[in-house]
1. Considering only residues of the stretch 155-174 that are surrounded by fewer than 18 Cβ atoms within 10 Å (Cβ to Cβ) and not in a loop (DSSP other than H, G, I, E, B), which is modelled with the lowest pLDDT?
2. Find the residue count for the stretch 10-49, including only residues that are touching a Ser or Thr at 6+ places or on another chain (Cβ under 7 Å), of a type in the set (D, E, K, R), at pLDDT 95 or above and not in a strand (DSSP E or B).
3. Would you check which residues across the stretch 35-78 are closer than 22 Å to ALA121 by Cβ and touching a residue at least 60 places away in the same chain (Cβ under 8 Å) and list them?
4. Given the criteria at pLDDT 95 or above and surrounded by 15 or more Cβ atoms within 10 Å (Cβ to Cβ), does LEU91 qualify?
5. Which one of VAL125, VAL97 is of a type in the set (A, V, I, L, M) and closer than 28 Å to LEU37 by Cβ?
6. Does the stretch 95-106 contain at least one residue that is in contact with a Ser or Thr (Cβ under 9 Å, 6 or more places away or on another chain), buried (at least 18 other Cβ atoms within 10 Å of the Cβ) and either modelled with pLDDT under 90 or assigned to a helix (DSSP H, G or I) (or both)?
7. Report every pair of residues separated by at least 6 positions or lying on different chains whose Cβ atoms are under 9 Å apart, first residue within the stretch 79-94 and under 20 Å from THR150 (Cα atoms), second charged (D, E, K, R) and surrounded by fewer than 24 Cβ atoms within 10 Å (Cβ to Cβ).
8. Please find, within the stretch 176-194, the residue that is nearest to SER100 (Cα to Cα) out of those that are assigned to a loop (DSSP other than H, G, I, E, B) and out of contact with any Pro (no Cβ under 8 Å at 6 or more places or on another chain).
Amino acid sequence: MIFGAFGRPIEGEFLSGDAYLIREIEHGWLVALADGLGHGAAAAEASEKALSIINTYAGAHGSVVDLRNVLRLCHAGLAGTRGAVIGLCHLNSQDRVWSSLVVGNVTLRVLSDRQLNPVPAGGIVGYKLPKTVHVAEWPYCEGDTLILHTDGVREDYSMDFLARKQGLTVQQAAERIIEKYGVNTDDATVIVGR
């Protein structure tokens, strides 16, 4: 897998309330995107705290990733902050299976031969979680493209330009999504993996 990521704060801010983690772990990858509520320093504090918890978990658990447990740890750790919405993805490259969990308005899209639409759960990590959070699983196929982005990116974009034949690297694709579809009224961050 190769990943690219790009983000920028809302106009007028120096800090983004969005933060991401792309970490290679034993037998796979752990990818996380957190969007702290609001903007500026307090939002950045919440999203960075979430990623610190996720990174610590990944370091302690190696290839064994329980996304619901990661979510519980983040929820407890973000109590007293603004809270955040979070998207988590884990690729088990040994079993060739993706799993994902999304709470709040982080968007996960997959460009694949199959129709994949993982469903996010409502809620705010650190404030209120839904009673049930679904972990989606699907087979990893060479050539699939994974896109994870915050609500600072419009959802009405076509993924056609992300196809390999367009010749864009994953980093160029991430930058192009923010350039063309990022909104000026919010922080915007996207991760693209292929």
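The values are calculated or read from the model by the stated rules, or taken from the named source; none is laboratory data. Because the structure is predicted, anything quoted here is derived from the model rather than measured. Positions of Cβ are backbone-derived with ideal geometry, glycine not excepted, and every protein chain shown enters the neighbour counts.
1. Checked the stretch 155-174; the qualifying residue modelled with the lowest pLDDT is LYS165.
2. Residues meeting the conditions: 2.
3. ASP35, LEU37, ALA43, ALA46, ALA50, LEU67, ARG68, LEU71
4. No: the conditions fail for LEU91.
5. Details: VAL97 fails: closer than 28 Å to LEU37 by Cβ.
After ruling out the rest, the residue left standing is VAL125.
6. no
7. If the second residue must be charged (D, E, K, R) and surrounded by fewer than 24 Cβ atoms within 10 Å (Cβ to Cβ), the pairs left are THR81/GLU45; THR81/LYS49; ARG82/GLU45; GLY83/LYS128; ALA84/LYS49; VAL85/ASP151.
8. Taking the candidates together, the pick is ARG194.
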